């Protein structure tokens, strides 16, 4: 489970957050469908290379709301979304390796 140590902690509901734990392995198909629906309501396409998509996935994986993650300092925000992107790309390439066998 990737953990991002924040360079600049944030406060959420009176609690100081200095680490974002991304439990990406726990996500299910239902989570992805819910994220896709949420993005469609915002008129945003689901695309694993999009930071909007990565943000929505990160929020779900961290048990937070996207609005709170948007409060992150830009460098922390980019690190969180990069961790999601790396996970998704790695998962996608693992799937390709399996299907090629």
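No lab work stands behind these numbers, since they all come straight from the coordinates. This is a predicted model, so every value here is computed, not measured. Ideal geometry is used to build each Cβ from the backbone, glycine not excepted, and the neighbour counts take in all protein chains shown.
Per 0.36 nm of contour for each residue apart, how much would the distance between residue 1 and residue 88 grow if the chain were fully extended, relative to their Cα-Cα spacing?
30.0 nm
Residue 30 versus residue 11, label points 7 Å from Cα toward the beta carbon: distance in nm?
3.6 nm
Can you tell me, using C-alpha contacts under 8 Å and at least 6 residues apart, the relative contact order of the range 3-100 as a whole percent?
Value for the range 3-100: 28 percent.
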